[in-house]
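Trainee: Here it is: the structure, laid out below.
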Amino acid sequence: MQTADPNANKARHDPLEKVPVAQEPEMTEGVITHIQRFSVHDGPGIRTTVFLKGCQMRCAWCHNPETLRRAAELQVFAELCIGCGACVERCRRQAHEVVDDSRVFHRDRCVGCGRCAQTCYAKALVLVGETRTADEVAQELFVDREFYESSGGGVTISGGEPLMQPEFTRAILALCKRNGIHTALETNFAREWSFIEPLLTLVDLFCVDIKLLDDVEHKKWTGISNRQTLDNLRRLDTARKPVIVRTPVIAGLNDRPEQIHAIVDWLGSLFNVIRYELLPYHPLGAGKYLALGHNQPPQWFKAPAPHIFEQLTQIASLQRKP
Amino acid sequence: MTPEILHTISYEERLGYLRAKKEAQTREKLRRLGYMDEDDYGLVLPPEDFSWRPKPNHTNGSFYGISGWSKNFCDLLENHPVYVDPMDALAGRYMFLLNRMRSPVWPPELDYSHLKPEQEQYGIIHGIGNDQHLAPDLAIGLSLGWGGLLEKVRHCRNQHGPDKEEFFQAEEDTILAIQNWIRRTVNAIEEAEATETDPMLCENLREMAQVNRWLIEGAPRTFREACQWLAWFSMASRTYNRDGAGGQLDELLRPYYERDLRDGRIDDETTVFILACLLLIDTRYYQIGGPDAEGSDQTSRLSFLILEAAHRLKTTCNLTIRVHDGLDPELMRKGVEYLLEDRKACPRFSGDKALVEGFMRNGYSAAIARRRIAVGCNWMGVPGVEYTMNDTVKINVAKVFEVAFEEMMETTGVSPNIDELWRRFEDHLRKAVLCTARGIDFHLDHQHLNEPELVLNLFCHGPIERGLNVTNGGVDMYNMCIDGAGLATAADSFAALEQRIEKEQVITWRQIAEHLRNNYEGPDGRRVRLMMNTAEHYGQGDSLGDLWAVKISRLLTSLVKASPTPGGRNMIPGWFSWANTLALGKQVGATPDGRLAAEPISHGANPRPGFREDGAATAMVKAIAAIQPGYGNTAPIQLELDPGVGKGEEAVNNICSLIKTHVDLGGTLFNINIVDAQQVLAAHRDPSKFPNLVVRVTGFTAYFANLSPDFRQLIVDRIVREGNAVA
Ligand code: SF4
Ligand code: SF4
């Protein structure tokens, strides 16, 4: 009795033993905000999404303010602070101070080194923005590969804007492809084609946002033109790469039927759009903005009313391959 | 709506009526019995003016032994109110749990005080005196009927001498009492039929009477008779001692279904309705799908109809789909689809590969291992031939950790370090396992004197033939369960100490001991607690906590498997804490993982709630697959998912992938709750507004409103902190 190895059917490697990394490590570095496992809305199947930090657009409604700047930033969630004072001692730049029994943060002195966050066990201080090599990121992305295989999922690179770190993006994608993992890239596509072309063989699925078709409006609400995005979408089509096009819908801003119709019509000339999706905007509380010392976007950015969203979804579903 | 005003009543309307009635009965239970931190069981309350109390046969006011149980059970059934509903396909409801109506549950003469000090020291749930928790072979009953069973008992009685007279008399009386209960119910059905004005319901009652009249003696011949027979078994066995083990329901019923279908006696709509009525009477645990003894898939049309019945019923049901390589993928997809749509945490999924390979390590063949099917909260059993005490024996490893830690800190001349702590933990866990093993022996040697299994003996191969109770040599296989509880609490405690004291050196052993003594109160307590709480923990993936959890689980496994009990019984390790996390938590002071004194310990094999900021289901699936003891008992995963996981094809596909991957990695049992965190929060504030909200508590499901506030809090913590973290 009981002679067989009780661990024979365990996880494929013994968790008590570290597996050596075989390949030459890919040392290209980049900055990420975080890695999300079991991400089920960023492409097909079960995926892991890595969010790169830094974006060239400034969408007025942006609800991920921590992804805007490339540099590491300290998020301060004052309501979680227990007043232990550890941060005051840790910071070499005197960015934290205790004044009249309460902690005061001088953002202008902070260089985002993260020393204080390491000792803030209350998680009142959280550094967002980690510099990692592509290899380190890939190791984490590969952890769930069994799930990718059984669900038809894979890895998604998102942001921020991944094309703002093109080398890093390329390096991660290449590692994924080398390991046979399906890849998706979520992008606003607002960079020159020369940044995109090298990725064509590395990306299985592009997910591109068109926020507004009218360029005047686009500039007004995002800070830049949509010409490059549209131009790249055409080129991508010529390159026969599948793409999912998406529009975040914000009440009063781009939720008029004719605005969605216009996008549907425009997409009508493309061959490789596998789906056109609308995403209802989710306003967030003020916390994330305050934590970074940003102003909250105007309160009127709201999700569209359900019946309107329903109507728009029907319009979006008209999008068909010609 | 009352039955009288309905004329052509569809099955859907009838089910709607029966469901509403069940919900009213559930509210009534809450009103009359208060909170119940357990399964709903399908029990219905007797009329308020009805009362019955068991007669003690011991000076302590309790009852014991063959005659104590037999007399009380027979008397209860003699007086049990009968229950007939013209809308129902099946007759009867049960109203009592006899084993809950006596105290103390163990006769004082059978003294085990020599075990008590260690049982208390290590927080051992010893299981001594705990009943049922074995798998009946219902095919015995279906093929013989009550009359055939009676004949069998009488036949065997003749083979034995006078020393077995009391045993056989009690078994005979048990059957006679059940037959009498059915007979009285037949009279009630006939009375109802006489006054029923609706022709369709009248016809239903006529058939119901016919079915039940036959079943007093005869073995079931039709599908409806077979379901009604299962219902009587369920009601009798629950009444006797809350037994809830079912069987391979699709295979048990398939011959009747196929015959009726062939002969034009039944259609699928009727089949589903009858099945729904069966599931409504009792929340019994049934397996569907999975391999037969040779490994071929058993999925049939009926497997789908059983799922469909639970889906239409939308109450608490306990169906388990056995996932193996040959499983009809459609059955799994359908199960997941209903799981998402109904949000009733049904069905669950068990992992054939690990269960079979694991059980074979105990020296059994693959054919036997495949027959060890899901029939309990977290557990499997081979129908009719195995006795297990599954889910009744537990060691609180959080408590063992505390004993080891305190001993190390109090021993002079020892400089505390993590290796020293581990050595002591190992030592105490070994003692705890031995003490538990002795308790198991004690139970097996004496339980027949305390509480014979008069109902379940009938559905085993051996007890009647040998004249021996199932606990006492009646069956061939004794594979005794030892579950660990509080894995994450212990693993996270080891990890936090290693990280903060030994690796980072930000606190000392003495300091942390002081904080634990003070329950993290006093100067700096809050910061230190957060510091310990935010150390790497189990479930994060490749963390220190994950490593410690694997180490602890392997230790428990090796200690349990090192030798059989002193009495020579095989033991099988698992991780499961059932509804005991609250009570077990009360035994343990503050722990180095930041848990406060008396807070619940972690649940079963699960990481603690909020184990990852993103709550990634994949992380949990891998973590729990990695700590499986691997001998055929389970260490279930209890996963909370927000409805945000999506709908339709995609979501079904993703959840199937989670389940399949877990099973491939060695997972044994997968429980999923799809719940809206906001709804659970709202229900926590005012449960009465959500009378139909069903949640999976552990291995069982329950109406949220009927759980105690403490227990609801536990569920809320788990769901709100994990479930809503879907990207
Ligand atoms: S370390 Fe964190 S909790 Fe302590 S004072 Fe600073 S911000 Fe507050
Ligand atoms: S991140 Fe660095 S510079 Fe900024 S406050 Fe913290 S310790 Fe000071």
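Trainee: If a residue has to be open to solvent by 60 Å² or more (accessible area, probe 1.4 Å) and among the aliphatic types (A, V, I, L, M) to count, how many in segment A:219-240 make the cut?
Mentor: Qualifying residue count, segment A:219-240: 0.
Trainee: Quick one: is residue B:92 at pLDDT below 95 and either under 23 Å from the mean Cα position of the chain (by Cα) or crowded, with 20+ Cβ neighbours inside 10 Å (or both)? Walk me through how you get there before you give the answer.
Mentor: Values: at pLDDT below 95: no; either under 23 Å from the mean Cα position of the chain (by Cα) or crowded, with 20+ Cβ neighbours inside 10 Å (or both): yes.
For residue B:92, the condition - at pLDDT below 95 and either under 23 Å from the mean Cα position of the chain (by Cα) or crowded, with 20+ Cβ neighbours inside 10 Å (or both) - is not met.
Trainee: So for segment B:641-662 (the condition being within 13 Å of residue B:358 (Cβ to Cβ), in contact (Cβ under 8 Å) with a residue 24 or more places away in the chain and in contact with a Gly (Cβ under 8 Å, 6 or more places away or on another chain)), does at least one residue qualify? If you could, list the steps in order and put the result at the bottom.
Mentor: Step one: filter segment B:641-662 for residues within 13 Å of residue B:358 (Cβ to Cβ), giving none.
Among the residues of segment B:641-662, not one is within 13 Å of residue B:358 (Cβ to Cβ), in contact (Cβ under 8 Å) with a residue 24 or more places away in the chain and in contact with a Gly (Cβ under 8 Å, 6 or more places away or on another chain), which makes the answer no.
Trainee: Please enumerate the residues belonging to segment B:345-368 that are surrounded by fewer than 24 Cβ atoms within 10 Å (Cβ to Cβ) and away from every other protein chain (no Cβ under 12 Å).
Mentor: Listed by number, the residues that qualify are B:365, B:366, B:367, B:368.
Trainee: Go through segment B:578-609 residue by residue and tally those that are over 16 Å from residue B:549 (Cα atoms) and within 21 Å of the chain's Cα centre (by Cα).
Mentor: Restricting attention to segment B:578-609, the residues satisfying the condition of being over 16 Å from residue B:549 (Cα atoms) are B:578-590, B:594-600.
Cutting the leftovers down to within 21 Å of the chain's Cα centre (by Cα) gives us B:578-585, B:600.
Count: 9.
Trainee: Scanning for something away from every other protein chain (no Cβ under 14 Å), open to solvent by 10 Å² or more (accessible area, probe 1.4 Å) and assigned to a helix (DSSP H, G or I), does segment B:469-482 turn up at least one residue?
Mentor: Looking for residues that are away from every other protein chain (no Cβ under 14 Å), open to solvent by 10 Å² or more (accessible area, probe 1.4 Å) and assigned to a helix (DSSP H, G or I), one finds at least one in segment B:469-482, hence yes.
Trainee: Here's another thing I want to ask about it. Test residue A:115 against the criterion of being more than 10 Å from ligand 1 (Cβ to nearest atom), modelled with pLDDT of 95 or more and open to solvent by 20 Å² or more (accessible area, probe 1.4 Å), and give yes or no.
Mentor: Numbers: more than 10 Å from ligand 1 (Cβ to nearest atom): yes; modelled with pLDDT of 95 or more: yes; open to solvent by 20 Å² or more (accessible area, probe 1.4 Å): yes.
Yes: the conditions hold for residue A:115.
Trainee: Right, here's the next one. So, in segment B:568-592, how many residues would count as being within 28 Å of residue B:354 (Cβ to Cβ), part of a loop (DSSP other than H, G, I, E, B) and open to solvent by 10 Å² or more (accessible area, probe 1.4 Å)?
Mentor: 2
Trainee: Right, something else. Could you check segment B:193-217 and list, in sequence order, the residues that are open to solvent by 80 Å² or more (accessible area, probe 1.4 Å) and either closer than 20 Å to residue B:230 by Cβ or part of a loop (DSSP other than H, G, I, E, B) (or both)?
Mentor: Start the filter on segment B:193-217 by keeping residues that are open to solvent by 80 Å² or more (accessible area, probe 1.4 Å), which leaves B:194-195, B:197, B:199, B:206, B:210, B:213-214, B:217.
Scanning segment B:193-217 gives B:197, B:210, B:213, B:214, B:217.
Trainee: Scan segment A:27-54 for residues that are away from chain B (no Cβ under 14 Å) and either modelled with pLDDT under 95 or in a loop (DSSP other than H, G, I, E, B) (or both) and jot them down.
Mentor: Those that are away from chain B (no Cβ under 14 Å) and either modelled with pLDDT under 95 or in a loop (DSSP other than H, G, I, E, B) (or both): A:27, A:28, A:53, A:54.
Trainee: A further question on this structure: Scanning segment A:55-79 for residues that are away from ligand 2 (no atom under 15 Å from the Cβ) and in a helix (DSSP H, G or I), which turns out farthest from residue A:226 (Cα to Cα)? Full working, then the answer.
Mentor: Looking only at segment A:55-79, we keep the residues that are away from ligand 2 (no atom under 15 Å from the Cβ), and these are A:55-65, A:67-68, A:70, A:79.
With in a helix (DSSP H, G or I) added as a condition, the list becomes A:65, A:67, A:79.
Numbers: A:65: 21, A:67: 20, A:79: 39 Å.
For segment A:55-79, the residue satisfying everything is A:79.
Trainee: Check every one of the strands (runs of 3 or more DSSP E) wholly within segment A:122-213 and list those with 3 or more residues that are surrounded by fewer than 19 Cβ atoms within 10 Å (Cβ to Cβ).
Mentor: Details: elements: A:125-128, A:130-133, A:154-158, A:182-187, A:205-209.
The strands (runs of 3 or more DSSP E) meeting that bar are A:130-133.
Trainee: Okay, next question. Say whether the condition of being more than 8 Å from every other protein chain (Cβ to nearest Cβ), surrounded by fewer than 18 Cβ atoms within 10 Å (Cβ to Cβ) and not β-branched (Val, Ile, Thr) is met by at least one residue in segment B:525-542.
Mentor: Here is the first cut: in segment B:525-542, the residues more than 8 Å from every other protein chain (Cβ to nearest Cβ) are B:525, B:528-529, B:532, B:535-540.
So of that shortlist, the ones also surrounded by fewer than 18 Cβ atoms within 10 Å (Cβ to Cβ) come out as B:525.
Subset that is not β-branched (Val, Ile, Thr): B:525.
So far as segment B:525-542 goes, yes, one or more of its residues are more than 8 Å from every other protein chain (Cβ to nearest Cβ), surrounded by fewer than 18 Cβ atoms within 10 Å (Cβ to Cβ) and not β-branched (Val, Ile, Thr).
Trainee: Residue pairs, Cβ under 9 Å, 6 or more apart or interchain, first in segment A:80-103 and within 11 Å of chain B (Cβ to nearest Cβ) and in contact (Cβ under 8 Å) with a residue 12 or more places away in the chain, second among the aromatic types (Phe, Trp, Tyr) and surrounded by 14 or more Cβ atoms within 10 Å (Cβ to Cβ). List them.
Mentor: Listed pairs, sorted by first residue: A:82/A:121; A:84/A:121; A:86/A:121.
Trainee: Give me a count of the residues in segment A:79-97 that are more than 8 Å from ligand 1 (Cβ to nearest atom) and either touching a Phe, Trp or Tyr at 6+ places or on another chain (Cβ under 9 Å) or open to solvent by 50 Å² or more (accessible area, probe 1.4 Å) (or both). Full working, then the answer.
Mentor: Initial filter on segment A:79-97 (more than 8 Å from ligand 1 (Cβ to nearest atom)): A:79, A:89, A:91-95, A:97.
Still in the running and either touching a Phe, Trp or Tyr at 6+ places or on another chain (Cβ under 9 Å) or open to solvent by 50 Å² or more (accessible area, probe 1.4 Å) (or both): A:79, A:89, A:92-95, A:97.
Within segment A:79-97, residues that are more than 8 Å from ligand 1 (Cβ to nearest atom) and either touching a Phe, Trp or Tyr at 6+ places or on another chain (Cβ under 9 Å) or open to solvent by 50 Å² or more (accessible area, probe 1.4 Å) (or both) number 7.
Trainee: If I filter segment B:663-683 down to residues being in contact (Cβ under 8 Å) with a residue 12 or more places away in the chain and small (Gly, Ala, Ser), which single residue comes out as farthest from the other protein chains (Cβ to nearest Cβ)?
Mentor: Taking segment B:663-683 as the starting set, the residues that turn out to be in contact (Cβ under 8 Å) with a residue 12 or more places away in the chain are B:663-677, B:679-681, B:683.
Pick out the ones that are also small (Gly, Ala, Ser) and you get B:666-667, B:677, B:683.
Working: B:666: 5, B:667: 10, B:677: 15, B:683: 23 Å.
Only one residue tops the list, namely B:683.
The values are calculated or read from the model by the stated rules, or taken from the named source; none is laboratory data. Since this is a predicted model, take the numbers as computed values, not measurements. Cβ coordinates were reconstructed from backbone atoms using ideal geometry, including for glycine residues, and neighbour counts include every protein chain displayed. Ligands, DNA and RNA are excluded from the accessible area calculation, which covers all protein heavy atoms including side chains. Shrake-Rupley method; radii C 1.70, N 1.55, O 1.52, S 1.80 Å.
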